[in-house]
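Written below as C-alpha coordinates is the structure these notes are about.
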Number of protein chains: 2
Amino acid sequence: MKAIVNVFLKEGVLDPQGKATHHALKSLGFDNVESVRIGKQIIVELKAKDKEEAIKEVSQMSETLLANTVIEDYTIEIVE
Amino acid sequence: MKAIVNVFLKEGVLDPQGKATHHALKSLGFDNVESVRIGKQIIVELKAKDKEEAIKEVSQMSETLLANTVIEDYTIEIVE
(Lines give C-alpha, C1' and ligand atoms only; values in the text may rest on other atoms or scores of the structure.)
Protein backbone atom coordinates (compact mmCIF):
# COMPACT_ATOMS: atom_id res chain seq x y z
CA MET A 1 0.00 0.00 0.00
CA LYS A 2 1.04 3.53 -0.64
CA ALA A 3 0.55 6.26 1.93
CA ILE A 4 1.11 9.97 1.39
CA VAL A 5 1.97 11.93 4.52
CA ASN A 6 1.89 15.71 4.19
CA VAL A 7 3.74 17.46 6.99
CA PHE A 8 3.34 21.21 7.35
CA LEU A 9 4.05 23.84 9.96
CA LYS A 10 1.21 24.72 12.32
CA GLU A 11 -0.60 28.02 11.86
CA GLY A 12 1.37 30.79 13.53
CA VAL A 13 4.74 29.04 13.30
CA LEU A 14 7.21 31.12 11.32
CA ASP A 15 8.25 29.60 7.99
CA PRO A 16 11.58 31.18 6.96
CA GLN A 17 11.95 28.86 3.95
CA GLY A 18 8.52 29.91 2.68
CA LYS A 19 9.31 33.56 3.32
CA ALA A 20 12.59 33.32 1.38
CA THR A 21 10.78 31.63 -1.51
CA HIS A 22 8.09 34.33 -1.47
CA HIS A 23 10.80 36.97 -1.62
CA ALA A 24 12.60 35.18 -4.47
CA LEU A 25 9.35 34.87 -6.47
CA LYS A 26 8.72 38.61 -6.04
CA SER A 27 12.25 39.35 -7.24
CA LEU A 28 11.53 37.28 -10.34
CA GLY A 29 8.48 39.41 -11.09
CA PHE A 30 5.71 37.21 -9.68
CA ASP A 31 3.93 40.10 -7.99
CA ASN A 32 0.60 38.32 -7.54
CA VAL A 33 1.96 35.96 -4.89
CA GLU A 34 0.47 36.66 -1.47
CA SER A 35 2.11 33.97 0.64
CA VAL A 36 4.21 30.82 0.35
CA ARG A 37 4.43 28.00 2.86
CA ILE A 38 6.63 24.97 2.45
CA GLY A 39 6.05 21.51 3.85
CA LYS A 40 7.23 17.96 3.29
CA GLN A 41 5.51 15.21 1.39
CA ILE A 42 6.56 11.72 2.45
CA ILE A 43 5.51 8.75 0.34
CA VAL A 44 5.64 5.48 2.26
CA GLU A 45 5.15 2.09 0.60
CA LEU A 46 4.27 -0.53 3.17
CA LYS A 47 2.81 -3.97 3.61
CA ALA A 48 -0.55 -3.89 5.36
CA LYS A 49 -3.64 -6.12 5.51
CA ASP A 50 -6.06 -3.28 4.89
CA LYS A 51 -6.43 0.48 4.73
CA GLU A 52 -7.19 0.78 8.45
CA GLU A 53 -4.04 -1.04 9.47
CA ALA A 54 -1.99 1.09 7.07
CA ILE A 55 -3.41 4.33 8.49
CA LYS A 56 -2.74 3.15 12.04
CA GLU A 57 0.85 2.25 11.29
CA VAL A 58 1.59 5.41 9.32
CA SER A 59 0.09 7.51 12.14
CA GLN A 60 2.55 5.92 14.55
CA MET A 61 5.42 6.64 12.16
CA SER A 62 4.31 10.25 11.86
CA GLU A 63 4.05 10.72 15.61
CA THR A 64 7.42 9.15 16.36
CA LEU A 65 9.59 10.21 13.44
CA LEU A 66 8.08 11.91 10.39
CA ALA A 67 6.57 14.98 12.01
CA ASN A 68 7.66 17.18 14.90
CA THR A 69 4.22 17.49 16.47
CA VAL A 70 5.26 20.45 18.61
CA ILE A 71 5.41 22.69 15.55
CA GLU A 72 4.02 20.55 12.72
CA ASP A 73 0.70 19.00 11.72
CA TYR A 74 0.28 16.14 9.30
CA THR A 75 -2.34 14.49 7.11
CA ILE A 76 -2.34 10.88 5.91
CA GLU A 77 -3.87 9.64 2.68
CA ILE A 78 -3.84 6.04 1.49
CA VAL A 79 -3.79 6.01 -2.31
CA GLU A 80 -3.61 2.34 -3.29
CA MET B 1 -6.42 31.41 -4.95
CA LYS B 2 -4.51 28.64 -3.31
CA ALA B 3 -2.22 26.36 -5.31
CA ILE B 4 -0.52 23.24 -4.02
CA VAL B 5 2.70 22.32 -5.81
CA ASN B 6 4.10 18.88 -5.06
CA VAL B 7 7.74 18.54 -6.05
CA PHE B 8 9.28 15.08 -6.04
CA LEU B 9 12.41 13.41 -7.40
CA LYS B 10 12.10 11.73 -10.79
CA GLU B 11 12.01 7.93 -10.94
CA GLY B 12 15.53 6.58 -10.79
CA VAL B 13 17.03 9.58 -9.00
CA LEU B 14 18.56 8.55 -5.68
CA ASP B 15 16.79 9.87 -2.61
CA PRO B 16 19.24 9.78 0.32
CA GLN B 17 16.80 11.57 2.65
CA GLY B 18 14.14 8.95 1.93
CA LYS B 19 16.64 6.15 2.38
CA ALA B 20 17.76 7.51 5.74
CA THR B 21 14.14 7.82 6.86
CA HIS B 22 13.44 4.25 5.73
CA HIS B 23 16.43 3.06 7.74
CA ALA B 24 15.33 5.01 10.81
CA LEU B 25 11.79 3.59 10.59
CA LYS B 26 13.21 0.06 10.41
CA SER B 27 15.36 0.77 13.48
CA LEU B 28 12.21 1.86 15.31
CA GLY B 29 10.56 -1.50 14.52
CA PHE B 30 8.44 -0.54 11.51
CA ASP B 31 9.40 -3.64 9.53
CA ASN B 32 6.51 -3.44 7.05
CA VAL B 33 7.93 -0.38 5.30
CA GLU B 34 9.10 -1.14 1.78
CA SER B 35 10.25 2.26 0.60
CA VAL B 36 10.18 5.93 1.55
CA ARG B 37 10.52 8.88 -0.78
CA ILE B 38 10.52 12.49 0.34
CA GLY B 39 9.39 15.50 -1.62
CA LYS B 40 8.35 19.08 -1.00
CA GLN B 41 4.88 20.52 -0.80
CA ILE B 42 4.69 24.21 -1.59
CA ILE B 43 1.48 26.10 -0.88
CA VAL B 44 1.20 29.33 -2.84
CA GLU B 45 -1.54 31.89 -2.26
CA LEU B 46 -1.87 34.20 -5.23
CA LYS B 47 -4.17 36.69 -6.88
CA ALA B 48 -5.52 35.37 -10.19
CA LYS B 49 -8.59 36.06 -12.36
CA ASP B 50 -9.40 32.37 -12.79
CA LYS B 51 -8.11 28.84 -12.32
CA GLU B 52 -6.42 28.75 -15.74
CA GLU B 53 -4.44 31.90 -15.09
CA ALA B 54 -3.41 30.58 -11.68
CA ILE B 55 -2.19 27.28 -13.15
CA LYS B 56 -0.23 29.13 -15.85
CA GLU B 57 1.47 31.40 -13.35
CA VAL B 58 2.27 28.64 -10.88
CA SER B 59 3.71 26.51 -13.72
CA GLN B 60 6.08 29.34 -14.54
CA MET B 61 7.08 29.63 -10.87
CA SER B 62 7.71 25.87 -10.73
CA GLU B 63 9.84 25.89 -13.86
CA THR B 64 11.94 28.86 -12.84
CA LEU B 65 12.29 28.45 -9.08
CA LEU B 66 10.27 25.85 -7.19
CA ALA B 67 11.47 22.69 -8.91
CA ASN B 68 14.80 21.64 -10.35
CA THR B 69 13.39 20.08 -13.50
CA VAL B 70 16.61 18.21 -14.25
CA ILE B 71 15.98 15.85 -11.36
CA GLU B 72 12.48 16.75 -10.14
CA ASP B 73 8.91 16.52 -11.40
CA TYR B 74 5.99 18.51 -10.06
CA THR B 75 2.22 18.52 -9.96
CA ILE B 76 -0.02 21.56 -9.52
CA GLU B 77 -3.44 21.54 -7.90
CA ILE B 78 -5.65 24.59 -7.42
CA VAL B 79 -7.75 24.09 -4.33
CA GLU B 80 -9.80 27.27 -3.94
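The values are calculated or read from the model by the stated rules, or taken from the named source; none is laboratory data. Bear in mind the structure is a predicted one, so any value in this text is a computation, not a measurement. Neighbour counts run over all protein chains shown; Cβ positions are idealised from the backbone, glycine included.
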field: Identity of the residue in region B:10-46, among the hydroxyl-bearing types (Ser, Thr, Tyr) and within 18 Å of the chain's Cα centre (by Cα), that ends up nearest to A:Met61 (Cα to Cα)
entry: B:Thr21
message: Residues to consider are B:Lys40, B:Lys47; find the one that is basic (Lys, Arg) and under 17 Å from B:Asp73 (Cα atoms).
response: B:Lys40
statement: A:Val79 vs (1) within 17 Å of B:Gly39 (Cα to Cα); (2) at the interface with chain B (Cβ under 8 Å from one of its Cβ atoms); (3) modelled with pLDDT under 95: all pass except (2)
task: Return only the number of the condition from (1) under 27 Å from B:Ala48 (Cα atoms); (2) within 16 Å of the chain's Cα centre (by Cα); (3) surrounded by 16 or more Cβ atoms within 10 Å (Cβ to Cβ) that A:Met61 does not satisfy.
output: (1)
- prompt: under 24 Å from A:Lys2 (Cβ atoms), surrounded by 17 or more Cβ atoms within 10 Å (Cβ to Cβ) and among the β-branched types (Val, Ile, Thr), is that true of B:Ile71?
  reply: no
- request: Give me a count of the residues in region B:12-60 that are of a type in the set (Gly, Ala, Ser) and either facing chain A (nearest Cβ under 7 Å) or in contact with a helix residue (DSSP H, G or I) (Cβ under 9 Å, 6 or more places away or on another chain) (or both).
  value: 4
message: Among (1) at the interface with another protein chain (Cβ under 10 Å from one of its Cβ atoms); (2) under 22 Å from A:Ala20 (Cβ atoms); (3) not β-branched (Val, Ile, Thr), there is one condition B:Glu72 misses while meeting the rest; what is its number?
response: (1)
